[in-house]
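The values are calculated or read from the model by the stated rules, or taken from the named source; none is laboratory data. In this text, all values refer to a predicted model and were calculated from it rather than measured experimentally. In this analysis, Cβ positions are derived from the backbone assuming ideal geometry, glycine residues included, and neighbour counts consider all displayed protein chains. SASA here: full protein model, heavy atoms, side chains in, ligands and nucleic acids out. Shrake-Rupley method; radii C 1.70, N 1.55, O 1.52, S 1.80 Å.
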Amino acid sequence: MSKKVFIFDDNQDILELCTLILEGAGYETKTSSTSNDIINQVSAYEPDIILMDNWLPDVGGIEATQELKKHPSYKTIPVVYFSANNDIKTLAETAGAESYLSKPFDIDELEAKVVSLIGK
């Protein structure tokens, strides 16, 4: 059974690129342009890993990640925080994410990050 990746980003091009890369590497993907109602979105898909953008409308990536990390069923799902922000490491730590990836990112770097956290 394929590992599942949930990608949160408000940029449609990033969602399509990540989907193309990760599905090509054998993962199932689901995307969302908003992190509103994050618990219900995640519970409906049960991902193995989450890619979370910083700049999301309404509920931002930090708040959404913190909400996930407080939830008993979802706090162990690894979150890779990704942003073009210069201070991505601090943002990821504030959010409680396991890892981070700076935009623009290298295709191999994205795949390697996912593999390192959940395997193939």
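If the condition is being among the charged types (D, E, K, R) and open to solvent by 70 Å² or more (accessible area, probe 1.4 Å), then segment 69-80 contributes LYS70, LYS75. If you go through segment 78-93 and keep only what is hydroxyl-bearing (Ser, Thr, Tyr) and not in a strand (DSSP E or B), you end up with just THR90. Can you work out which of the residues in segment 94-110 that are open to solvent by less than 50 Å² (accessible area, probe 1.4 Å) and assigned to a helix (DSSP H, G or I) is farthest from LYS3 (Cα to Cα)? The extreme case among them is ALA95. Close Cβ contacts (under 7 Å, 6 or more residues apart or on different chains) running from residues in segment 42-68 that are surrounded by 15 or more Cβ atoms within 10 Å (Cβ to Cβ) to residues that are hydroxyl-bearing (Ser, Thr, Tyr) and in a loop (DSSP other than H, G, I, E, B) comprise VAL42/TYR74; LEU56/THR34; LEU56/SER35; VAL59/SER35; GLY61/SER35; ALA64/SER35; LEU68/TYR74.
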